[in-house]
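The values are calculated or read from the model by the stated rules, or taken from the named source; none is laboratory data. None of the values given here were measured: they were computed from a predicted structure. Note: ideal-geometry Cβ built from the backbone for every residue, glycine included; neighbour counts use all protein chains shown. With ligands, DNA and RNA removed, areas are computed over all heavy atoms of the protein, side chains included. Shrake-Rupley method; radii C 1.70, N 1.55, O 1.52, S 1.80 Å.
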Amino acid sequence: MSSTHSTLTWDAFIRLFHWLLVACISFGWWSGEQGGEWMEWHMRSGYAVLALVMFRLLWGFTGTPFARFRQFVRSPLTVWRYANGLWRKDASTYQGHNPLGGWMVVALLLLCSAQAGTGLFANDEIFTEGPLVALVSYDLSVEITRWHRTLFDLLLAAIALHLIGVATHQWGKKEPLLQAMLHGRKPSQSNDNSVATPWLRGILVAAIAATSVWALISL
C-alpha cells in the first residue's frame, strides 16, 4: 500500500515571486485609480512587476526543478488530453504545474510584461509620463497608453481564469494549491523529490533582474 508524503515542491523564491506579484498588481491597480500624486507609486509598482517578471523568466531556466519551463510547458495535445479528462476519478495529478496551469503561467507572464512594458512609454496627457516616453513620438505614446489600458483588461480576465482554475482544484478536486504556495509543500507518493532553495543563486538572479530594470528605466 502506498503512502502519501508531503514534499517541498515550490522553493522560497517561487513563493515570494507569486505573492509579491499579487501585491504589486493590486497596488498598481489601486494607485492608478487614485491618480494624482499616487501615479508616482503606480509607476514604481510597474517597475517592480517588470523586475519580478524578469526574475521569473530567468528562474524558469536556472531555478529548482518544478520552477523550470521545461517541466511544465507541455504540448497542445497533452493540454487537450488533460482538460478532457479533468473530472475523471483517475485524472492525472502533477507535482508541479498541471498542463493547463503551466500555460496560464506563461500567459500571465507575457501579459504582465506587456502591461508594465507599455507603461514605460505611456502618458496621461496631463503631467504623468513613463520614463521612456522621450524615445517615442507624442502620438505613439498616446497610442501606447491606450494599449496599456486595454492590456490591463486582458490581464484582469486572465487573472479571473487563473482564480477559477485554482478554485476548481482547491475545492472541487481537493488539491491544496493555496497552502502549497504558502509553505511550499504538496502531497506526493514519494518523499524523494523535495527541492532545496538555492539561496545564493536566487539572490544573484534577483539582483540581475532588479539591476536590469533599473538600467532600462534610466535610459
Selection from Val133, Leu108, Thr211 lying farthest towards where the dipole of the chain points positive, charges on Cβ: Leu108
Measure nothing fancy, just the Cα-based angle from helix 12-34's long axis to the longest principal axis of the chain, in degrees from 0 to 90, nearest 10. 40
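Considering only protein heavy atoms, with the full assembly of protein chains and a 1.4 angstrom probe, order Arg201, Arg15, Arg146 by accessible area, largest first. Can you show the working numbers first?
Numbers: Arg201 105, Arg15 45, Arg146 130 Å².
Result of the area sort, largest leading: Arg146, Arg201, Arg15.
When ligands, DNA and RNA are left out and all protein chains stay put, how many square angstrom of accessible area per residue does region 87-219 have with a 1.4 Å probe?
On the way: 7910 Å² over 133 residues.
With all protein chains present, region 87-219 gives 59 Å² per residue.
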Can you pull the percent of the chain's accessible area that's carbon plus sulfur, 1.4 Å probe, other chains left in place? 67
Charge dipole (debye, nearest 20) of region 60-219; +1 at Cβ of Lys and Arg, -1 at Cβ of Asp and Glu: 1020
Area accessible to solvent at Met181, 1.4 Å probe radius, in Å²: 30
Could you state how much accessible area Arg44 has, in square angstrom rounded to the nearest 10, with a 1.4 Å probe and all protein chains kept in place? 110
If you count only protein heavy atoms and use a 1.4 Å probe, how large is the accessible surface of Asp153, to the nearest 10 Å²? 100
Between Ala160 and Leu200, what is the FRET efficiency for a Förster distance of 45 Å, r being their Cβ-Cβ separation, to the nearest 0.05? 0.75
With the dipole of region 71-219 worked out from charges on the C-beta (+1 for Lys and Arg, -1 for Asp and Glu) around the Cα centre, which of Ala122, Gln179, His148 lies farthest toward the positive end? Gln179
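In debye, nearest 20: dipole of region 1-72 around its Cα centre with unit charges on the Cβ of K, R (+) and D, E (-)?
400
Translational D (Stokes-Einstein, µm²/s) of region 133-219 at 4 °C and 1.567 mPa s when Rh comes from the Kirkwood sum over C-alpha pairs?
Details: Rh = 17.6 Å.
D, rounded to a whole number, is 74 µm²/s.
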Taking every C-alpha to C-alpha distance in region 9-107 and binning by 5 Å from 0, the per-bin percentages run 2, 12, 18, 18, 13, 13, 10, 7, 4, 2, 0
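Find the accessible area per residue for region 1-63; the probe is 1.4 Å, ligands and nucleic acids are left out, and the unit is Å². Before the final figure, lay out each step's value.
Values: 3340 Å² over 63 residues.
In whole numbers, region 1-63 has 53 Å² accessible per residue.
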Treating the angle as unsigned and between 0 and 90°, give the value, to the nearest 10°, between the Cα long axis of helix 199-217 and the longest Cα principal axis of the chain. 20
Give the Rg (one decimal place) followed by the Dmax (whole number) of region 13-58, computed from C-alpha coordinates and expressed in Å. 11.1, 35
